[in-house]
Structure formats: structure tokens, C-alpha cells
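The values are calculated or read from the model by the stated rules, or taken from the named source; none is laboratory data. Just so we're clear, the structure is a prediction, and the values are computed from it rather than from any experiment. Every residue, glycine as well, gets a Cβ built from its backbone with ideal geometry; the counts of neighbours run over all protein chains shown. Protein only, heavy atoms only, side chains kept; ligands, DNA and RNA dropped before computing areas. Shrake-Rupley method; radii C 1.70, N 1.55, O 1.52, S 1.80 Å.
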Amino acid sequence: MRIHQWVPAAHRGDAIGDSARQVRGMLRAMGHDSDLFALTIDDDLRGDVRPFSDPESAGGDITIFHFALPSPMTGKFASLAGTKIVQYHNITPAAFFAPYDPNLFRLAALGRRELASLVGRVDLALGDSEFNRQELEALGFARTGVLPIAVNTGRITSAPPRPALERILRDGLINILFVGRIVPNKKIEDHIRLAEIYKRYVDSYYRFIFVGRYDGVPRYFDQVRALIAEYDMLPDRFWFTGPVPDEDLAAFYRWADAYVSLSEHEGFCVPLVEAMAADVPVVAYAAGAVPETLGGAGLLFAPKDLELAAELLGTVVYDREVRARVLEGQRRRLQDFAPARIEAQLQSTLAAFVQ
């Protein structure tokens with residue numbers, strides 16, 4: 001059977017595209033003819049991902065459309081003749097962008113309207129978390145399910161060392177890591193406030209590292225930098241790296257003393273799985289799909305009390321017994337994202353459509 005996937009953009013290191021490529025491998029291992037098609041493709045992926053303009057893109061007996069933003073794919077997907085499965089990877093609510101970027105506000109609002117346009121026109125709507133599935137159900141999709149993202153943890157655990165970078169990271173400061181875009185829903189300003197409290201009451205030998213694009217919402221990033229200046233904090237204790245190659249990303253995880261998430265909207269949060277794979281203890285605000293992804297692992301807190309967060313952070317960094325218990329729980333949870341388990345869930349999800 002031909003089971004194809006569509007993604008609007010294929011970028012190396014992008015969670016959705018990486019997951020789709022792993023799923024393609026699983027489908028091929030099951031004996032299906034499977035390809036991945038995208039509107040935009042990184043140069044180094046052009047031999048691996050096929051262009052959406054290829055007529056074969058519409059030739060699947062089953063087509064899985066990974067939805068995360070509005071695109072010309074949506075209308076074409078709705079008109080396909082074969083079995084149609086949409087996998088929803090969440091759209092950040094437009095309200096987060098309203099104070100900073102009207103174009104991103106419009107794009108997020110349009111994305112939700114496009115998703116709603118598929119109600120009644122697909123055979124199955126999947127969320128990559130129960131949090132996302134419930135949103136699909138609320139929109140009116142009749143048949144829904146959950147299929148987690150296939151996280152490529154190997155790019156973290158099998159990467160070669162980066163000696164020059166690692167010499168800096170092991171200079172005695174406590175490395176507190178965040179991975180993701182610098183955008184309003186991630187609440188990076190709360191990381192800065194957390195740093196001020198942590199410095200005041202726990203430890204002044206810290207470094208907050210933010211790995212990911214910071215140019216997507218410039219006004220928001222300017223606000224974050226202004227807060228650092230307002231607190232009169234040492235600028236070199238806050239690293240904003242921008243995108244980095246996998247080898248550097250792995251080094252940041254390898255030398256992180258803790259991973260912190262203070263986001264107020266997450267549909268899955270792949271870096272939580274990467275942190276667990278790298279054996280980095282997680283301290284996270286319990287918002288969106290974060291509690292579901294952690295599945296009882298890590299240290300969750302709610303409401304958003306940053307003094308409590310600083311205390312939890314200091315505990316997981318310096319209390320060896322607590323740290324060991326947290327890491328043990330994360331290792332257990334990580335097993336739920338093993339490729340064999342994701343493949344079994346994929347097979348079960350497709351069983352009703354595969355003859």
C-alpha cells in the first residue's frame with residue numbers, strides 16, 4: 001500500500017519533519033511504499049524529501065498531512081480521493097503574538113481557521129498529544145486519536161564531542177538550558193526573572209543558555225534583553241545561541257545541569273524528551289501538554305511561582321539524592337518514546353485503513 005506524508009517544510013532539526021522521516025522509515029519497514037513530500041526543502045534534504053509539485057504526492061492510498069501552519073497543502077489535502085489522515089502538531093494561540101507582531105497574529109488565526117476547514121473532510125484526525133487531540137475534538141472532528149512525535153534522540157545521544165565548546169561549558173558555572181524558539185508563549189522573560197531569584201537566594205554561579213532562533217519576533221526578543229539590562233545582570237550569563245548544528249546541541253545537553261521550561265502553551269514539547277534522553281533533570285511549569293509529555297517524570301510545578309521554581313532548580317542541581325530520583329523517573333518515561341513503541345502505535349492507528 002502507498003502511504004505518503006505531507007509536511008509544509010522539510011528542515012533538518014525541525015521536530016515535525018524529523019518525525020515524519022522516521023515514520024516514513026517505519027512505514028517502509030512494514031512493507032508499504034512511502035514517501036515524504038514538502039513545499040520547501042533544505043538543500044541537504046533534496047535527495048531524501050520529494051517536492052510537493054511531484055504528481056506522485058497525490059498518489060497515496062493513504063495520505064498523512066502534518067498540520068502546524070496554514071499552507072496551500074490544506075485545500076489540496078481536503079480534495080484527495082484516498083484515505084486522509086491529518087496529524088495536528090498545534091498552533092500557538094494568536095493572542096500570544098498580538099502585542100508584538102500583527103503578521104504572526106494573523107498567521108496563527110488563519111492556521112486555526114484552516115484546520116477547522118478540514119472538519120468532516122478527513123477520515124481520522126490525530127493529535128501528537130492528548131492535549132492536541134482534545135482541541136481537534138472541540139473543533140468538531142468526529143474520529144480522533146493520538147500518535148506521539150517520533151523524536152530522533154540519537155542526534156543528541158550519538159553526537160561526537162565538541163571539545164572547544166565543551167571547555168567553555170565546564171568552566172564551573174551551573175548550566176541551565178532551554179531549547180526552542182524565542183517566542184512569546186515560551187515566556188523567556190520568566191526565565192530572566194527566575195535567574196534573578198535564583199541568583200539572589202540559591203547560587204550566583206549560573207549560566208542560562210537559550211538554544212534556538214531568536215529573530216522570529218524581534219520586538220519580543222528586544223523586551224527580553226531589556227529585562228536583563230533592567231535587572232543589571234551580567235550579559236555573559238545569558239547565552240542566546242540561535243540555531244546550532246546537532247553536534248553543538250548535543251554538547252549543550254551533555255553539559256546542562258538542568259533543563260527549564262516555563263512555557264505557557266505547548267502541544268508536545270520535543271526538548272523535554274531530548275532532555276530526558278540526555279539525562280538532564282527537567283524543571284517545568286505544568287502548562288499545555290507538558291505534564292502529559294513528562295508523564296510523571298521531572299519536577300513539575302503550578303501555579304507559576306518562580307520562587308518555588310528557583311528552589312526546585314537548586315534542589316535538582318545540588319541535592320544528589322533528589323537528582324538521582326528525578327533522573328531515574330525520566331529514564332522510565334523515556335521508554336514510552338522508544339521507536340518500537342511508536343511503531344506499534346502507528347501500526348495500530350493504521351490498522352483500520354490497511355487491507
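Report the full-extension gain for the segment SER158 to ASP44: residue separation times 0.36 nm, less the Cα-Cα distance, to one decimal in nm.
The span from SER158 to ASP44 would gain 39.0 nm if fully extended.
Among 113-123, 139-149, how do they line up from the highest to the lowest mean number of other beta-carbon atoms within 10 Å?
139-149, 113-123
What spacing in nm lies between the two simple spin-label points modelled at GLU247 and ARG341, each 7 Å away from Cα in the Cβ direction?
Roughly 3.2 nm, to one decimal.
Counting only protein heavy atoms, what percent of the accessible surface of segment 174-287 is carbon or sulfur at a 1.4 Å probe?
Roughly 47 percent, rounded to a whole number.
How many percent of the accessible area of segment 95-169 is carbon or sulfur, using a 1.4 Å probe?
56
How big is the C-alpha Rg of segment 251-355 next to the rule-of-thumb value 2.2 N^0.38 Å, as a ratio?
This ratio for segment 251-355 stands at 1.20.
If you count, for each residue, the other Cβ atoms within 10 Å and average over each peptide, how do 326-332, 200-206 line up from highest to lowest?
326-332, 200-206
Report, in whole Å, the centroid distance computed from the Cα atoms of segment 202-232 and segment 285-355.
25
Give the cross-link partners of LYS84 among the aspartates and glutamates, using a straight C-alpha distance below 18 Å as the criterion and excluding same-chain residues fewer than 8 apart.
ASP33, ASP35, GLU56, ASP61, GLU114, ASP123, ASP128, GLU137
So with the 1.4 Å probe, I'd like the accessible area per residue for segment 1-108, rounded to whole Å².
40
Angle between the Cα long axis of helix 15-29 and the longest principal axis of the chain, 0 to 90 degrees, nearest 10?
Tilt relative to the chain: about 50 degrees.
Which order do HIS4, HIS11 take when ranked by solvent-accessible area (1.4 Å probe, heavy atoms of all protein chains), largest first?
HIS11, HIS4
In terms of Cα to Cα distance under 25 Å, which lysines are near enough to LYS199, apart from those fewer than 8 places away along the same chain?
Partners within reach: LYS186, LYS187, LYS304.
Percent of Cα-Cα pairs more than 14 Å apart in segment 279-333, please.
49
Peptides 20-31, 232-243: what's the order by average Cβ count within 10 Å, highest mean first?
Put in order of decreasing packing, that is 20-31, 232-243.
Mind pulling the per residue volume of the convex hull built on the Cα atoms of the chain? Å³ is fine.
So the per-residue Cα hull volume is 134 Å³.
Give me a comma-separated list of calculated 3J(HN,Hα) values for segment 185-200, in order, Karplus coefficients 6.51, -1.76, 1.60 applied at θ = phi - 60°, integers in Hz, x for any Gly or Pro.
For segment 185-200, the Karplus-derived couplings read 5, 6, 6, 5, 4, 6, 5, 5, 5, 4, 4, 5, 5, 4, 5, 6 Hz, x marking Gly and Pro.
Calculate how many DSSP beta bridges within the chain are antiparallel, expressed in % of all such bridges and rounded to the nearest 5.
Taking every DSSP beta bridge within the chain, about 0 percent pair in antiparallel fashion.
State the percent of C-alpha pairs, over all pairs in segment 148-216, separated by a distance greater than 18 angstrom.
I get 56 percent for the Cα pairs in segment 148-216 exceeding 18 Å.
Compute the normalised compactness of segment 56-212: alpha-carbon radius of gyration over 2.2 N^0.38 Å, N being the residue count.
1.38
Figure the gain on full extension for SER79 and LEU308 (residue separation times 0.36 nm, minus the Cα-Cα span) and round it to one decimal in nm.
That pair, SER79 and LEU308, stretches by 77.3 nm at full extension.
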